[in-house]
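Below is one structure; the comments refer to it alone.
Each value in this text was obtained by applying a stated rule to the coordinates, not by laboratory testing. Keep in mind that what you see is a predicted model, and the values were worked out from it rather than measured. No Cβ is skipped: glycine too gets one built from the backbone with ideal geometry, and neighbour counts run over all protein chains shown.
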Amino acid sequence: MTDERRFGARWRDYEFSAAADPFPEGAIPPPPSYPAPVYVPIPGRGTALVSDPIDRALTGPGLPSELAGGPYRLPGPLMASAPYVLPVCNLGRLVFDGEVVGMRSDPLPSVCGGVAPLRLHVARFSDFQCSNDLCALRITHRGTGEEFDLRQNLLTDTQGHLRTLADSVLADAVGVSTLAVTADGALVLVAQSRHNTASSRLLAPSGSGSLDPRDLGPGTTGTLQASCAAACTVNCARRPASGRTKSGPPRSPVSLAGWNGGPNLSFSG
């Protein structure tokens, strides 16, 4: 029996539902290599890991990036979870499952200074759901009701710290958001309906989605900032608003106020 079928048989014994318990900040300290790391709970979304030194470095002249030669592959146990995880994440609907760009190394200040390029990989959006989004689900055994907290297995290293992106087995997709301002100075936000799979009933930026391999431009090297800027200023207007693709611009005259791009460092629902 293959690993996928063996783990698939195990997953059938569990029930998946939304809203896992809050991320155990006290039990899983941030990676020691991250400067001044802080966990920030975000109501309705999860817990983010932020670092002011990393943020400051990302505003520099450009973070060199390099695309890995091969695509990201889900580990066998996570691949076997797809028939059970995707219906929960997608609420039974068909959604965008195109290619996205993930991070294979960490944007530490030393990297931002040009010591080594940030490594990226190509994954599919369903890979992100069966790895990162899986960590946000409550998993309970159908027979005993015992809860299985997968985050302890997937997110921690041998020392009990949060894994770095370089050590991660998840897809770790890069999220990109845009802020648009109308000609009369109004900030454009989008109210998400209850049918939205990622931000149900919440306010969203003017445009948001995941970094697309097309945003990287020709070749396998470039800068992360240039790729995110390309996603916001050019491709947002060209791609249809379907599933998790980037949405088109509002109909009123707008100008680009700014963009933000970075890893989806969110650990709980």
Margin query: Could you tell me the center-to-center distance, by alpha carbons, between segment 123-197 and segment 18-56 in angstrom?
Written below: 12 Å
Check: About the Cα centre of segment 66-163, what is the dipole size in debye to 20, counting +1 per Lys and Arg Cβ and -1 per Asp and Glu Cβ, all else neutral?
Finding: 100 debye
Checklist line | In nm, spacing of pseudo-spin labels at THR59 and ARG93 (7 Å Cα→C-beta vector) | finding: 3.6 nm
Check: Under 14 Å from a point 7 Å along the Cα-to-Cβ line of LEU202: which residues of segment 19-47 have their amide N that close?
Finding: 19-20, 23, 40-47
Item checked: Additional length obtainable on full extension of the chain from THR158 to ASP21, 0.36 nm per residue less Cα span -> 47.1 nm
Notebook entry, point to check: Say R0 is 45 Å: what FRET efficiency, to the nearest 0.05, do ARG194 and ALA36 get from their beta-carbon distance?
Noted result: 0.75
Check: log10 I(q)/I(0), Debye, Cα-only segment 143-198, no solvent, q = 0.15, 0.27 Å⁻¹?
Finding: -0.78, -1.08
Note to self: I want the local charge near LEU118. Using Cβ-Cβ distances under 11 Å, sum +1 for each Lys or Arg and -1 for each Asp or Glu among the other residues.
What the structure shows: 0
Next item on the list: Could you please report the charge total around LEU49, scoring K, R as +1 and D, E as -1 over all other residues with beta-carbon less than 15 angstrom from its beta-carbon?
Entry: -4
Notebook entry, point to check: Tell me, HIS141, HIS121, HIS161 in order of fewest to most beta-carbon neighbours within 10 Å?
Noted result: HIS141, HIS161, HIS121
Checklist line | segment 68-166 - Debye-derived log10 I(q)/I(0), Cα point model, q = 0.13, 0.14 Å⁻¹ | finding: -0.58, -0.67
